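Data first, discussion second: the structure below is written as structure tokens.
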Amino acid sequence: MKKLAVFVSGGGTNLQAIIDSAASGTLKNVEITAVFSSSRKAYALERADKAGIPSFCFVPKDFDSREAFTVAMLEKLRELKIDLIALAGYMVVLDPRIVREFQYRVVNIHPSLIPSFCGKGNYGIHVHENALARGVKLAGATTHLIDDGTDTGPIVLQKAIPVLDDDTPETLQKRVMKECEHQILPETIQLMADERLVVDGNRVFIR
Ligand code: GAR
């Protein structure tokens, strides 16, 4: 059984997808051990409560320094003996120390087909605003392992859907979440838990 920590900042629909996959047995041999939130107001915290999952708020501005914030999180991750981390709508850049300690054991879900609409300023609804403004015909989501950059780590899974003529950023976001993100994030966690990912530079092979 692998112990998973899910990092959240907002609504937590991706957290919910992980909870639902575990409850239905689609996601196997993974215990959702904890939810880490960067905000006390995140609705994701209620979802964690409802599912009986312990949650911890690590809010950057509660700490004197970035260093203290990172050390506190690392201590909790070690205490809970966490194996895997899923960044599920987590809006804080992960400190290189956590990236190093959990090398290839942290997955992020991003709401575009990377390398489109990623990096600085491309998060949440902005990704879909930018995609529609550019007139792309395909949208989608990407799971990738975390490295020291923003949305630059090795890609694990991608799923695409067509953009519709009457899409707004909100309708596109909703479909990308439901039809792409909520499927490929639990799938990626399963692959990580089963130790099926082989990383070679930027490429990830599924064995
Ligand atoms: C999701 O669309 C996720 O892909 C995105 O934020 C949303 C969070 O929704 N993440 C990023 O933009 C990270 N760069 P949720 O809280 O309902 O899962």
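Mean projected area of the Cα convex hull of the range 62-207, taken over all directions, amounts to 9.4 nm². Kirkwood-type hydrodynamic radius, the range 144-195: 12.6 Å, calculated from all non-identical alpha-carbon pairs. Charge dipole of the range 47-173 (Cα centre as origin; +1 on each Lys and Arg Cβ, -1 on each Asp and Glu Cβ, all else neutral): 260 debye, rounded to the nearest 20.
Using alpha carbons only, the radius of gyration of the range 1-116 set against its Kirkwood radius gives Rg/Rh = 0.95. Highest average first, the peptides 192-203, 122-133, 45-56, 175-186 ordered by how many other beta carbon atoms sit within 10 Å of their residues are 175-186, 122-133, 45-56, 192-203.
A P(r) calculated from all alpha carbon pairs of the range 1-55, with 5 Å bins opening at zero, reads 5, 22, 34, 25, 10, 4, 0 percent.
Taking each DSSP H run with n ≥ 4 as -39500 (n - 2.57) and averaging over every residue of the chain yields -9500 deg cm²/dmol at 222 nm. Working note: Cα atoms of the range 84-140, range along each principal axis, descending, whole Å: 40, 18, 16.
Every read-out reported here was derived from the displayed coordinates using simple, explicitly stated rules and does not represent laboratory data. The structure displayed is predicted, hence computed values, not measured ones. With ideal geometry, Cβ positions are generated from the backbone for all residues, glycine too; neighbour counts draw on all protein chains shown.
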